[in-house]
Structure formats: C-alpha cells, structure tokens
Amino acid sequence: MRKGNIIIRNASQLVTCSGFSAKKGKEMSDLSVIENGTIIITDGTISYVGKDCPSLANYPHHQVIDATGKAVLPGFVDSHTHFIFGGYREEEFSWRMRGDSYMSIMERGGGIHNTMNATRKASFEELKEIGRKRLDSMLAMGVTTVEGKSGYGMNKEAEIKQLQAMKALNEDHPVDIVSTFMGAHATPQEYKGREDDFLNYMIREVMPEVKEKNLADCCDIFCERNVFDIEQSRRYLTAARDLGFYLKIHADEIVTLGGAELAVELGALSADHLLQASDKGIQDLAGSNTVATLLPCTAFSLKEHYARGRYMIDSGCAVALATDLNPGSSFTNSISLLFALACIYMQLSPEEAVTAITINGAAAVGRADKIGSIDVGKQGDLVILEYPSYKFLPYHIGMNIVEKVIKNGFLLI
Ligand code: NIG
Ligand code: FE
C-alpha cells in the first residue's frame with residue numbers, strides 16, 4: 001500500500017485516544033484530546049503529535065491540511081463484520097417484521113443457510129467486486145481497518161473462496177482487512193444431525209489449509225443454542241489456537257450459554273454480541289484481556305434487548321463497538337447509527353463510544369500496537385469530521401459527519 005506525507009494543523013480537537021492496548025472501565029473515558037493540535041505523517045507513519053506546529057518550511061514534501069473548526073480522530077476500526085457474502089435476505093427481513101424470529105427462520109433452512117447457498121454460487125470475482133463496493137462505503141464513513149469473516153461457504157472450496165476475496169481486496173483496496181475464518185457459523189444441510197462430524201471436517205481439513213495458505217488471522221464460531229454448544233466451541237477454538245490463530249467467539253447472543261466465560265478461558269481476543277452475558281461472564285471479561293465487542297445495530301435490527309454496555313464498563317471491561325455488517329441480523333455498516341445506538345440505548349458516553357471504535361476496536365483485532373490511536377509510530381490513518389467536536393458523532397443521529405479520510409498518510413476522501 002502507498003505511503004504518504006501529510007500535515008494537519010489547527011485541528012480544533014485532536015482526539016488522540018492515545019494508547020497501545022485496550023482501555024478498560026474508567027480508562028475508556030480518557031481520549032487525551034489536544035486542542036488546536038498538529039499531526040505530521042511521514043512515509044505513512046505518524047511522526048509528530050502536539051500543540052505546536054513546526055515550521056512548514058522544514059516539510060516541503062508534505063501536503064498541508066488546515067483543520068480549523070474540525071475534530072481529527074484515529075481512523076475507525078470496525079472489528080466485527082461479515083462483509084463478503086452473496087445474495088440478500090430482504091424477504092426474511094419482512095418476515096421478521098411480521099413476528100418470525102431470527103432463529104426460527106434459520107431453523108427452517110433460511111438465515112445463514114440462505115446466504116450460504118448464494119455465496120457458494122457466487123464466483124470469486126463477484127464476491128470481490130461486491131466486497132469492494134462495501135469497503136468503499138465503509139471508508140466514506142471513516143473506517144480504515146475492518147475485520148471480515150468467512151462462514152458463508154461452509155465447505156472447503158467456498159470458505160477459501162471467501163477468504164481469498166478478502167485477501168485480494170486487502171491487497172488492492174486502501175481499507176485494511178483483518179480476516180477471520182468462521183467455518184463453524186452453522187451446520188450445512190449435508191451434515192444436518194452430524195454437527196460433530198462437520199466440526200471435525202472443519203478442524204481437520206479446512207482450518208489447517210486456511211493456515212497453510214495464510215488466509216486468516218483469527219478463527220471464530222457461532223456458540224449458540226441449536227448451533228454449536230460450549231463443548232464444541234471449546235474443541236474448535238482450541239484446535240484453532242493450537243494452529244496459531246487469534247480467537248473470537250459469537251457469544252451469549254440469544255441465550256446465556258457461557259460463551260463469555262469460554263472466551264476468557266481460552267484467551268480470545270474478543271467475545272462478541274453478549275446480549276445475554278451473565279454477571280459471571282462479565283466479571284470474567286473484566287478480569288481478562290478479552291475485549292467485549294458489542295454490536296448494537298444487531299440488537300436494533302433484531303428488536304432484542306441491548307447488551308449491558310454501561311454495566312460492562314462500570315464492571316471494568318474493555319468494550320469495543322462494531323457494526324456486524326451481514327445480510328441477516330444487521331444489514332448496515334453505518335458508523336453513525338452505531339454511535340447513536342451505543343450512546344442512547346447502552347448508555348455509553350461519547351468518549352467511551354469513541355474509545356470503543358478506535359483503540360479498543362484495534363485491540364479486538366490484535367493490532368492495538370499499530371492502529372487505533374494518534375500516537376507517534378502508528379499507521380497514519382485518520383478521520384476529519386465536519387464539526388469541531390467528537391461529541392457530534394452520536395448527536396448528529398444517523399448522519400455521516402466524516403469529511404475527510406486519510407489512510408497511510410494519503411488523503412483519500
Ligand atoms: O453476527 N449470529 C451469527 N452470525 C451473524 C449473522 C449472520 C447472518 O445472519 O447471516 C451475526 O449476527
Ligand atoms: Fe457476527
């Protein structure tokens with residue numbers, strides 16, 4: 001990826017989110033804001049952050065941007081999405097509005113299975129092109145790194161096709177992609193009633209090839225009643241850890257199964273969803289380095305109760321926020337909606353929400369040392385808002401207030 005030189009000065013707020021690891025509990029309120037700040041990016045890397053603007057004569061090869069009246073933040077990290085998929089599920093959405101539940105649609109062969117069929121049919125090129133459009137939309141909302149999962153292939157060929165589409169996009173689209181292998185997203189029809197055989201197939205035949213081809217950083221599983229139970233999840237994730245993958249887990253979304261506790265036990269990067277996480281699960285998360293990744297757009301779309309974000313932060317957890325973009329439970333990559341829901345319905349403060357989608361999102365993908373804050377030595381990924389304060393992010397509801405996006409020191413938007 002190209003690396004550029006740029007100076008941004010006079011930012012009404014330089015919202016640095018300074019730090020190199022996830023922020024927990026009260027630390028999430030500290031954004032380390034510099035007023036009237038300057039930031040210099042050299043060869044794609046942040047080389048100066050401060051209140052004073054050095055003489056521009058010393059930087060003849062740097063583009064200069066005046067950010068008077070604008071807030072500048074680290075590029076956003078959307079740490080949980082399923083953005084590579086074929087087809088859509090607009091019919092199922094209308095059934096859900098009529099009262100059908102998400103799980104009942106899945107149990108009668110729709111849901112994830114519906115998208116699996118469409119994804120298996122789609123070519124590599126089709127998946128790549130549709131993925132590119134979705135990345136363009138993310139970038140326009142300030143997302144500079146996104147996590148994307150496989151899991152709509154559910155056989156070796158189609159899982160690898162999804163992961164290869166992400167790999168190709170990572171190479172030629174400016175948004176950085178952290179890939180996650182999610183072979184255990186559901187059990188396909190051909191293995192119905194033989195969930196353990198399916199898991200064995202994924203563990204023995206698919207997961208090692210994904211590793212060998214270097215197609216994913218993380219492994220994830222849908223740990224849920226009638227999908228994969230705790231024992232199955234432990235088996236799959238342990239195999240993944242033994243192969244050197246980072247771990248993630250769709251945990252305690254619809255029923256309380258103990259997925260949060262399992263994530264902590266296995267040292268996962270994150271436990272995600274957590275709508276039904278128990279008090280014990282939350283205490284375990286608070287005492288660990290596992291990030292609690294909350295996905296309020298999913299709760300909104302499914303008309304479920306929101307995860308207990310306020311309680312989790314008050315208990316000392318590191319919380320991240322992500323969109324969960326997927327064709328079923330959350331067909332949105334709207335960062336503005338995400339901010340509004342997190343603050344209005346989960347009672348996060350604007351400061352906590354900003355931390356959750358910057359440095360804590362970075363920690364949830366294992367990259368807090370490289371991205372997620374404006375610190376010297378980090379990748380030059382920034383967003384410039386059209387307003388002077390980060391507080392407009394949840395307040396200007398549903399509106400994209402990102403005016404400019406800088407990636408590796410290049411002004412892209
Ligand atoms: O995170 N819960 C499981 N997986 C996705 C939804 C996938 C789908 O419905 O296509 C989620 O919500
Ligand atoms: Fe998900």
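The numbers here are math on the coordinates, done by the rules we state, and not lab data. All values derive from a computational prediction rather than experimental measurement. As a convention, Cβ positions derive from the backbone with ideal geometry for all residues, glycine included, and neighbour counts pool all protein chains shown.
For region 83-179, applying the loop criterion from DSSP together with a ceiling of 15 other beta carbons within 10 Å to the chymotrypsin sites (Phe, Trp or Tyr not before Pro) yields Tyr88. The GluC sites (Glu not before Pro) of region 238-287 include none that DSSP puts in a loop with a beta carbon having at most 13 other beta carbons within 10 Å. How big is Rg to Rh over region 307-402, alpha-carbon atoms, Rh as the Kirkwood inverse-mean-distance radius? Checking Rg against Rh, the ratio lands at 0.96.
Cross-link pairs exceeding 29 Å between alpha carbons, from the set Lys121/Lys211; Lys248/Lys280; Lys280/Lys391; Lys156/Lys404; Lys161/Lys404; Lys26/Lys128: Lys280/Lys391; Lys156/Lys404; Lys161/Lys404; Lys26/Lys128. Paramagnetic label reach from Asn400 (point 7 Å along Cα→Cβ; backbone nitrogen cut-off under 11 Å): within region 99-136, residues 134-136. Quick one: angle between helix 124-140 and the longest Cα principal axis of the chain, in degrees between 0 and 90, rounded to 10, please. Result, in degrees: 40. Dividing the mean sequence gap of close Cα pairs (under 8 Å, 6+ apart) by how many residues the chain holds gives a relative contact order of 23 percent.
Phi angles of region 30-46 translate, via the Karplus equation with coefficients 6.51, -1.76, 1.60 and θ = phi - 60°, into HN-Hα couplings of 8, 9, 6, 7, 10, 7, 6, x, 10, 9, 10, 10, 10, 6, x, 10, 5 Hz per residue; Gly and Pro are given as x. When restricted to Cα atoms, the chain yields an Rg and a Dmax of 20.6, 70 Å, respectively.
Computed log10 I(q)/I(0) for region 1-150 at 0.14, 0.16, 0.21 Å⁻¹: -0.87, -0.97, -1.31, from the Debye equation with unit scatterers placed on every C-alpha and solvent omitted.
Along the axis of the charge dipole computed for the chain (Cβ charges of +1 for Lys and Arg, -1 for Asp and Glu, origin at the Cα centre), the listed residues Thr298, Ala184, Ser389 are led at the positive end by Ser389. When each of the peptides 346-353, 175-182, 11-18 is scored by how many other beta carbons lie within 10 Å of its residues on average, the order from highest to lowest is 175-182, 11-18, 346-353.
For the chain, the mean residue ellipticity at 222 nm estimated from helices alone is -9500 deg cm²/dmol, where every DSSP H run of n ≥ 4 contributes -39500 (n - 2.57) and the total is divided by all residues, rounded to the nearest 500.
Straight-distance candidates among the aspartates and glutamates for linking to Lys378, with alpha-carbon spacing under 16 Å and chain neighbours fewer than 8 residues away dropped: Asp43, Asp176, Asp369.
Under unit Cβ charges (Lys, Arg +1; Asp, Glu -1), what dipole magnitude, rounded to 20 debye, does region 1-89 have relative to its Cα centre?
Values: 9 positive and 7 negative charges, 52 e Å.
It works out to roughly 260 debye.
For the chain, what is the charge dipole size about the Cα centre, in debye to the nearest 20, if Lys and Arg each add +1 at the Cβ and Asp and Glu each add -1 at the Cβ?
Numbers: 42 positive and 52 negative charges, 104 e Å.
Dipole of the chain, to the nearest 20 debye: 500 debye.
With 10 Å bins beginning at zero, the pair-distance distribution over Cα atoms of region 182-301 amounts to 14, 46, 32, 8, 0 %. Taking amide H as placed 1.01 Å from N in the peptide plane, the amide H of Thr16 sits under 5 Å from that of Val33, Ile34, each at least 5 places away or on another chain. Sorting Ile160, Ile406 from the fewest to the most surrounding beta carbons within 10 angstrom yields Ile160, Ile406. Of all DSSP beta bridges confined to the chain, the antiparallel ones make up roughly 40%.
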